[in-house]
Amino acid sequence: MGPEVHNEALEKALRESAGGCTEELRSRIFSELLRGRLIVEVAGPPAGPQAGLSLIGVRGPDGRRGLPVFTSRERLTLWKPEAGHAAAIPAQGLFGMARDAGFDAIVVNLPDPAWEISKADAALLAQGQVPGPRDAQVRCEIRPAPAALPAAALDFARGKLITLPEVSCAYFFTLAFADSPPGLALGVGLSIHPETWKSACGAIEKSLAGMPPLAEGFRVIPLEKEMLKAVRRLGLRVLDR
């Protein structure tokens, strides 16, 4: 007999995902994961606190290390009949253990259907956070604009942007992505349809071509509502109307 867990809602959501996964269903799966406990194979019997557990992982053909986890002991046995010791661990704590152990991915309910959780998503789940939509998961950080930004550049940008009624606000700030060096950005609030934001920012960037030289990698980006509060707090205002 192994540890017993009950993850009926999670298993139902995972079955639904086999036919295609919407962002709403993906979010539901992550939420159910955080509510439950998961079964994981361990090297020996638990000797007390979770910190004493040694998780058993697998290595994929691409060399990545994955941690198989299961919604029930039966699921583990289906995948690996000879599995020995297993532990039932609250999912959030298990994601933290996997992160600390350096696993590249977590795979739920091998062999099929299996649900793979990326390293980045597992890190968020370890903090009790439900990962956002896949197309919004480029990690970035908003920082203050450089103190040495030329006043002439600020005046030039203001003179150009104030003539554009679709620009509601504009701020210089530093944008740092997780996988690239930080760079100077001009964030603009736009009162036009989001589908036209990209082309509008391209046009604004061209109109600023005569601006005094700025740092390499300078870009113009639209300010979504979620970014605006931080940019107003940390950025250098060009205009805000």
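Can you report the number of residues in region 68-82 which are of a type outside the set (Phe, Trp, Tyr) and either part of a strand (DSSP E or B) or buried (at least 18 other Cβ atoms within 10 Å of the Cβ) (or both)?
So in region 68-82, the residues of a type outside the set (Phe, Trp, Tyr) come out as 68-69, 71-78, 80-82.
Keeping just the survivors that are either part of a strand (DSSP E or B) or buried (at least 18 other Cβ atoms within 10 Å of the Cβ) (or both) gives 68-69, 71-72, 75-76.
The qualifying residues number 6.
Conditions (1) at pLDDT below 85; (2) among the basic types (Lys, Arg); (3) touching a strand residue (DSSP E or B) at 6+ places or on another chain (Cβ under 9 Å); (4) farther than 25 Å from Glu23 by Cβ, marked per residue:
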| site | (1), (2), (3), (4) |
| --- | --- |
| Val130 | no, no, no, no |
| Pro146 | yes, no, yes, yes |
| Pro150 | yes, no, no, yes |
| Glu166 | no, no, yes, yes |
| Gly183 | yes, no, yes, yes |
| Leu186 | no, no, yes, yes |
| Leu190 | no, no, yes, no |
| Ser207 | no, no, no, yes |
| Glu216 | yes, no, yes, yes |
Residue in region 20-40 that is at pLDDT below 90, in a loop (DSSP other than H, G, I, E, B) and farther than 26 Å from Gly132 by Cβ present: no
Some residue of region 172-181 being at pLDDT 90 or above and either over 27 Å from Ala120 (Cβ atoms) or not charged (D, E, K, R) (or both): yes
Test: residue in region 51-67 that is at pLDDT 90 or above, surrounded by 14 or more Cβ atoms within 10 Å (Cβ to Cβ) and more than 22 Å from Gly102 (Cα to Cα): no
The lone exception for Arg139 - which of (1) farther than 22 Å from Cys21 by Cα; (2) at pLDDT 85 or above; (3) basic (Lys, Arg) it fails: (2)
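The values are calculated or read from the model by the stated rules, or taken from the named source; none is laboratory data. Source: prediction; values computed, not measured. Reconstructed Cβ throughout: ideal geometry from the backbone, glycine too, with neighbour counts over all protein chains shown.
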